[in-house]
Amino acid sequence: MGDLRSLGRAGWRTLFLTLALSATAVALGLLLVNGMRPGDGVDPLLAQRLLRESAGGAKAILERSPSSLDGPTAFVEIVGQRTWALRAAAIEISQTLGGTHA
């Protein structure tokens, strides 16, 4: 980012709007969760039974997943895979329509 003084009016406005919108999103989320209270009507016995039944499936998924993909590495892998998949789809559509690909 460099020197903060070089941001200028547009940079400060962008920073302020980003922070304001993020705070608004967090506040709205908290209000909705506390107002709607999801999960209040779920029977505790049913919830415990469902957790027990799905534990094996969750364990199997974790065992199959590579342990090297943690945190930022997983994010980069996911974004990278989706980016290339979208690019391939765009090229295919372009070729189907008779255009050139980028």
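Please treat every number below as a calculation from the coordinates, not as lab data. Just so we're clear, the structure is a prediction, and the values are computed from it rather than from any experiment. When we count neighbours, we look across all protein chains shown, and the Cβ atoms used for this are built from the backbone with ideal geometry, even at glycine.
Some points to look at:
- Its Cα centre serving as origin, the chain has a Cβ charge dipole (Lys and Arg +1, Asp and Glu -1) of approximately 260 debye.
- Per-residue Karplus couplings for segment 24-41, computed as 6.51 cos²θ - 1.76 cosθ + 1.60 with θ equal to phi - 60°, are listed in order as 5, 5, 5, 4, 5, x, 5, 4, 5, 5, 6, x, 7, 6, x, x, 5, x Hz, Gly and Pro entered as x.
- Farthest toward positive dipole pole in segment 21-89 [+1 Lys/Arg, -1 Asp/Glu at C-beta], among Q48, W84, L62: W84
- Average projection area in nm² (convex hull over Cα atoms of the chain, one quarter of hull surface): 13.8
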